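Report on the following structure.
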Amino acid sequence: MVPGEAQGAPGALLERPLALRYLILVAAHPLRSSIALLALGAAFWRAWQACQAGLGLGLDGQLVTIKGADVQPRRADGAHQARSAPTNPPGRPHPAMAEAPEPYMSTSLRESIVTGPTEANTLGPTLFVTPCQESFRSGVLLSQAVIVTTIASTIREHSREGKKVKTIMVSGEIDPLQHEDFRQISENLKDIAKKWFPKARLHLIGFPRFIDSPGRAVALDYFHEVTLRLEAGTQKTYSAMTGEKGEVLKRVNSTLARLDLGNLVIRARFVRGDIDNSTASEVRGWIKSLEAVKPAKVEISTPKKSPWAKTKAITATRLKEIGAEVEEKLGVPVETIEE
């Protein structure tokens, strides 16, 4: 650098190319230039993180709904859905056991996770828990930390307010068993219920698609009653009803037979049309699979509005025939329900 340019002729520096001016300034003030570069780099990095997350989202683009807790964020017809977010990092306090901080979350989101208690048929005052909730990120479920903390705070409030709860039902449009952390959610729910409503019975309604996971299989023992939808007697019909490969049915039946659950209820909807699981051959195949599964009870129905296109309800007579055949072959109680 020429001293005369820096001191006596300040305008001369501005006439130089931008890159050259930058090099001259760095040479003259190396320490200040380094600090400025570090600050500028940090600002760009934070701005990039904010753009990745978007409005209302925290680190890694996860939905932020709880103050002071780590928030990291598939349907009940058995189709593939969202993946769940990672579990809590090791060493973090368990969200279900924490009395504070209190959760800060919108009322609508909270009520979508836990609703009730409401009177439900023979179940009495029932709380409905829906653990699979999509976050603001498409295809990503809310984490078990959010779900468990919400369940804990809501159940605690109901108990302190003196509300009666006889049954806690875990279900939902998205199969609860699809949550990657279903075991942790179920284990915590059992502990929470034992603390605040020790006489309440835990019920689960889901699909058997994911029970070959060891964690999910263990979780079934946390419930007093497990109701699984198994509605097809052949692989072809299973594929048509669920959109999955037919081989999954064979694996599902094998897993259920191996588990030999004493609290298992099998529930099936029977329809006719483009999909027909009410034919004699279909029903024979379905009952044969149940012989190995050994359910404690079977529930059958025919929906007034079928969830499958170009199908409709079967007749009451045919539904009654199916129930009688199940009772004869399996020797277990059969209940006709409405859905």
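Couple of notes before you dig in:
- Residue 219 being modelled with pLDDT of 85 or more, closer than 28 Å to residue 245 by Cα and crowded, with 20+ Cβ neighbours inside 10 Å: yes
- Entirely in the range 159-251, the helices (runs of 4 or more DSSP H) that have 2 or more residues that are more than 17 Å from residue 268 (Cβ to Cβ) and either touching a strand residue (DSSP E or B) at 6+ places or on another chain (Cβ under 8 Å) or in the same structural domain as residue 268 (by TED's automatic domain parsing) (or both): 182-196
- On the stretch given as the range 111-125, residues that are hydrophobic (A, V, I, L, M, F, W, C) and closer than 16 Å to residue 189 by Cα total 2.
- Selected residue (criterion: nearest to residue 264 (Cα to Cα)) from residues of the range 291-339 that are small (Gly, Ala, Ser) and assigned to a loop (DSSP other than H, G, I, E, B): 296
- Test: residue 140 is buried (at least 23 other Cβ atoms within 10 Å of the Cβ) and under 13 Å from the mean Cα position of the chain (by Cα): no
- As a summary of the residue check, residue 262 satisfies the conditions (1) buried (at least 21 other Cβ atoms within 10 Å of the Cβ); (2) among the small types (Gly, Ala, Ser); (3) modelled with pLDDT under 90 except for the one numbered (1).
- Sole residue being closer than 18 Å to residue 230 by Cβ and surrounded by fewer than 16 Cβ atoms within 10 Å (Cβ to Cβ), chosen from 337, 322, 300: 337
- Of the residues making up the range 171-196, those that are more than 11 Å from the chain's Cα centre (by Cα) and among the aliphatic types (A, V, I, L, M) are 189, 192, 193.
The values are calculated or read from the model by the stated rules, or taken from the named source; none is laboratory data. Computed from a predicted model, the values in this text were never measured in an experiment. Please note: Cβ atoms are built from the backbone with ideal geometry, for glycine as well, and neighbour counts cover all protein chains shown.
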